[in-house]
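> I have a structure here, written as structure tokens, and I will follow up with some questions on it.
The values are calculated or read from the model by the stated rules, or taken from the named source; none is laboratory data. Note that this is a predicted model, so its numbers are computed, not measured. Backbone-built Cβ (ideal geometry, glycine too); neighbour counts: all protein chains shown.
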Amino acid sequence: MIKTELYNGMRVLSSYHRKGGVGKTFLASTIAYLLATGGPNGKGKKRRVLVLDYDSQQDSSKAFLKMDAIPGDDEYAAPLHPEFDDIDDPEWSGRNTSTDILFNSPVYEYPTAFENIKVLPSEGNVDRVLALTPESDRLVSKITAHMRDWFSVEELADDYDIVIVDNPPSKSPVSAGMLGAATHVIIPTEPEYDSIDGVPMLLNRIDRINEDRAHNPLKIVGVVPNKVPSKSRLTQKDEVALAKLYDSEGPTGKYMSPFWLQQRNCYRVMERPSVDETHFNYVHNHHAKKEMQKLYTLIEDSLWGDEV
Ligand SMILES: Nc1ncnc2c1ncn2[C@@H]1O[C@H](COP(=O)(O)OP(=O)(O)OP(=O)(O)O)[C@@H](O)[C@H]1O
Ligand SMILES: [Mg+2]
């Protein structure tokens, strides 16, 4: 099998699905937390993580940072960087969003409450990049090329083992461009018709991306069913949906994760920002912790498994 090229050893994982509310942000932020803390038992390697939020809804930004409310506006501004007074850069405004990468502005990642997690929050208007070029097809390849260059800078791999990208629920040029530059992709899906139906289309798109990346394929970590009702609440419809996903003869079978994530209260976002562990309060639930161990093992094996 052809190995995916890394960025000086650094991985770039995209949490992706066109459908809204399936768990992209839940997976992106939880995987960041699991990797940074060495898994649910804290015994694994502690990975240094950078989270890039490219969703205008700013959900993973709010999961890790206290964003600034803008009076009269429904979006938030990135907070003033805590090191603004210490960093001497006349070009820098002291606030950064993930979009600054695309505009070649100075970029300083934000520290979070978690030692190994840094974040570049989303600017409320990610689609501002549409102004970069009038032709959207070219925009996607431009963003891919730009991000490849950015990820390739050696200093980035000195600071991070992995970049995790959270995406909006749409096929925006930004998320498509990011996917082209990512090394790995994880696809959450709900056991519900629309989101399941979208998975083969998504896999098709990844096939098409990989036609241009014959020597450097985007690796699919897995399709992870999420928000699956507990056994006693699973309807026949849900069961049919899951069986369809896991059908080994079907288009999705070979990409399915060996487990699914149940709908659980402890996974719901209770508080933002996550200045303490209550954001990831599955740690207090035995069943959830076991599920999180499975998720952690899937990610570690898929991203670092062939490392000697
Ligand atoms: N397994 C789960 N159990 C219970 N709640 C969950 C689970 N996964 C996600 N949620 C909750 O469901 C909602 C949607 O999840 P999330 O925000 O991760 O989806 P998304 O795909 O990022 O959505 P969007 O497309 O809007 O960005 C959130 O309130 C989240 O806390
Ligand atoms: Mg989201």
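> Got at least one residue in segment 231-238 being within 24 Å of Gly180 (Cα to Cα) and either part of a loop (DSSP other than H, G, I, E, B) or modelled with pLDDT of 95 or more (or both)?
no
Okay, residues lined up against (1) at positive phi; (2) without any contact (Cβ under 8 Å) to a residue 12 or more places away in the chain; (3) assigned to a loop (DSSP other than H, G, I, E, B); (4) surrounded by fewer than 17 Cβ atoms within 10 Å (Cβ to Cβ):
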| position | (1), (2), (3), (4) |
| --- | --- |
| Asp194 | no, no, no, yes |
| Ala214 | no, no, yes, yes |
| Val240 | no, yes, no, yes |
| Leu245 | no, no, no, no |
| Phe280 | no, no, no, no |
| Met292 | no, no, no, no |
| Leu295 | no, no, no, no |
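> Can you tell me how many residues in segment 24-41 are polar (S, T, N, Q) and either on the phi > 0 side of the Ramachandran plot or within 15 Å of ligand 2 (Cβ to nearest atom) (or both)?
Total satisfying the criteria: 3.
> Is it true that Glu83 is of a type in the set (D, E, K, R), under 19 Å from Pro168 (Cβ atoms) and outside any helix (DSSP H, G or I)?
When the stated conditions are applied, Glu83 does not pass them.
> Another question, if that's okay. Among the listed residues Ile143, Ile164, identify the single one that is buried (at least 23 other Cβ atoms within 10 Å of the Cβ) and either within 17 Å of Arg11 (Cβ to Cβ) or within 16 Å of ligand 2 (Cβ to nearest atom) (or both).
The match here is Ile164.
> Let me ask another. Of the residues that sit in segment 17-55 and are among the hydroxyl-bearing types (Ser, Thr, Tyr) and under 18 Å from Ser302 (Cβ atoms), which one is farthest from ligand 1 (Cβ to nearest atom)?
Taking the candidates together, the pick is Tyr33.
> Restricting to segment 88-103, what's the tally of residues that are under 20 Å from Ile117 (Cα atoms) and not in a helix (DSSP H, G or I)?
Result for segment 88-103: 5.
> Taking only pairs six or more apart or across chains, which ones have beta-carbon atoms under 7 Å, a first residue in segment 161-180 that is closer than 16 Å to Ala63 by Cβ and without any contact (Cβ under 8 Å) to a residue 40 or more places away in the chain, and a second residue that is in a helix (DSSP H, G or I) and within 12 Å of ligand 2 (Cβ to nearest atom)?
Within 7 Å, no pair qualifies.
> Tell me yes or no: at least one residue of segment 106-129 is at positive phi, in a loop (DSSP other than H, G, I, E, B) and out of contact with any Lys or Arg (no Cβ under 8 Å at 6 or more places or on another chain).
no
> Next question, about the same structure. Quick one: which residue in Gly21, Gly72, Gly44 is more than 16 Å from ligand 2 (Cβ to nearest atom), at pLDDT below 95 and either within 14 Å of the chain's Cα centre (by Cα) or more than 24 Å from Pro225 (Cα to Cα) (or both)?
Every option except Gly72 fails the conditions.
> If only one of Ala157, Ala182 is under 14 Å from the mean Cα position of the chain (by Cα) and of a type in the set (A, V, I, L, M), which one is it?
The unique qualifying residue is Ala182.
> Also: Kindly indicate which of Ser14, Ser61 is modelled with pLDDT of 95 or more, within 14 Å of ligand 1 (Cβ to nearest atom) and in contact with a Leu (Cβ under 9 Å, 6 or more places away or on another chain).
Ser14
> Okay, next question. Of the residues Val163, Val185, Val174, which single one is part of a strand (DSSP E or B) and within 16 Å of ligand 1 (Cβ to nearest atom)?
Val185
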